[in-house]
Amino acid sequence: MKRRLFIQRLGALTTATATASAGTLFSALAQASSTIRPGPQDALIVIDLQNCFLPGGTLAVQKGDQTIEVINALAKKFENVVLTQDWHTSDHISFASQHPGKKPYETITLPYGEQVLWPMHCVQGTADAAIASAIDIPHAQVIVRKGYHSGVDSYSAFIEADGKTYTGLSGFLKERNIKNVYLCGLATDFCVAWSALDARKLGFNTSVIEDASRGIDLNGSLQKAWSQMQQAGVSRIQSKEII
Ligand code: VGL
Ligand code: ZN
């Protein structure tokens, strides 16, 4: 994203220097540092805006509903929008109920690594797993479902927790020549962060729109996620920067 903004800035600067006034130059710089105008190579990826993660859902994220209005407005600015759905079998390995003696939010070690155990959530075909009815993005091009293998979780929209099973999303984006992805949704510190980290690994310029996302914040997970994302070169932006 930084690189891309720089290129956009160069355009603004060339115009500004042509008019040769320091004032114009300054305002071009100020404006260019904080605006993103999405085009054909940009996609908005709306992560898991499902009833399960909203107040009243099985794994409600605090204030998750506050993202909806922001996301609907953002989506209007993108021609390419992808939605994701957490989509578990009823016997999914991430559910505490599958592990006798374990309670939600405890962790276990699975062959692919540490797994947080969750309350049963987002079961395939249930109303809880539906995309929130207030989400108004009729032009969304793809809905990617993930987490449907009963033995493997998938916070990421790109690669399951085994680190090797692809959902197909990167193939879609690459075939469509999309270079820059903007992620938002629920939850910042789980599905949004894991998707953003994979997006970087897969070569996309990646931004997370902070005010269009909300976190679960389990034992400091939100702060940890932001520092991992920063390390990986994910840009932390606000919805007002997208025009
Ligand atoms: C999520 C926990 C379990 C998420 C999904 O969407 O962030 N978190 N499953
Ligand atoms: Zn889940």
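The values are calculated or read from the model by the stated rules, or taken from the named source; none is laboratory data. Remember, predicted model here, so these are calculated numbers, not experimental data. With ligands, DNA and RNA removed, areas are computed over all heavy atoms of the protein, side chains included. Shrake-Rupley method; radii C 1.70, N 1.55, O 1.52, S 1.80 Å.
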For residue 110, list long-range residues whose amide hydrogen, built 1.01 Å from N in the peptide plane, is under 5 Å from its own amide hydrogen.
-> 115
In deg cm²/dmol and to the nearest 500, what is the mean residue ellipticity at 222 nm of the chain if only DSSP H runs of at least 4 residues count, each as -39500 (n - 2.57), divided by the residue total?
-> -8000 deg cm²/dmol
Other-chain or far-sequence residues with amide H under 5 Å of residue 145's (modelled H) | 85
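Keeping the other protein chains in place, figure out the carbon and sulfur percent of the accessible area of the chain, with a 1.4 Å probe.
54
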Just read off the accessible area of residue 97 with the full protein assembly in place, 1.4 Å probe, to the nearest 10 Å².
-> 80
Pairs 201/240; 76/179; 146/201; 174/224; 76/240; 146/174: which exceed 21 Å Cα-Cα?
-> 201/240; 174/224
Amide H of residue 165: which non-local residues (sequence gap of 5 or more, or other chain) have their own amide H closer than 5 Å, using H built in the peptide plane?
-> 160
For the chain, list the DSSP H helices whose alpha carbon atoms reach 24 Å or more along the long axis and whose average Kyte-Doolittle value is 1.0 or above?
-> none
With no solvent and one point per C-alpha, what does the Debye sum give as log10 I(q)/I(0) for the chain at q = 0.11, 0.18 Å⁻¹?
-> -0.57, -1.39
Beta bridges per DSSP with both ends in the range 38-241, % antiparallel, nearest 5 = 20
